[in-house]
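The values are calculated or read from the model by the stated rules, or taken from the named source; none is laboratory data. Every value quoted in this text rests on a predicted model; they were computed, and no experiment measured them. Cβ: placed from backbone, ideal geometry, glycine included. Neighbour counts: every protein chain shown.
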Amino acid sequence: MHKSFLVWAAALGALAVVLGAFGAHKLKELVPPETVSTFQTGVTYQFYHVFALLATGILFAYAPGSQMLWAGRCFIIGIFLFSGSLYLLTMLKATETVGLSKLGIITPIGGVFFIVGWVLLLLSILKIKA
């Protein structure tokens, strides 16, 4: 078991619930519907990868190693870059801040971290002797 991944998963899971509730109840008063949808995409992907991080933390007991370690790290980095950039873009839209629209380039970089995390998780699982 990798305790720090489990701690991160629990904290990021709680944050996803808070952000999801905010998005469902208050955000639609502040931004247009397409921006709410962008925010909700961030919440959804955060939740998906919280569960991936939980699995990684648990599976680490069966397949410890650098690939499993980096899988968990990639999921955390991906959450911050992918979901975080969508939250930030939503905040910029809500505050009508201009000039920072290029922040959207961060989102696909976060997506790449998610993909790498899944591939590393797969490679780690394939090394487990049944």
Mind listing whichever residues of region 88-123 are surrounded by 19 or more Cβ atoms within 10 Å (Cβ to Cβ) and either farther than 18 Å from G20 by Cα or aromatic (F, W, Y) (or both)? T107, G110, F113, F114, G117, L120, L121
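Results for (1) assigned to a helix (DSSP H, G or I); (2) at pLDDT below 90; (3) aromatic (F, W, Y), shown as yes or no for each residue.
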position	(1), (2), (3)
W70	yes, no, yes
I79	yes, no, no
S83	yes, no, no
L92	yes, yes, no
K102	yes, yes, no
G111	yes, no, no
I115	yes, no, no
Matching residues, region 23-72, being buried (at least 16 other Cβ atoms within 10 Å of the Cβ) and small (G, A, S): G23, G42, A52, A55, G57, A63, A71, G72
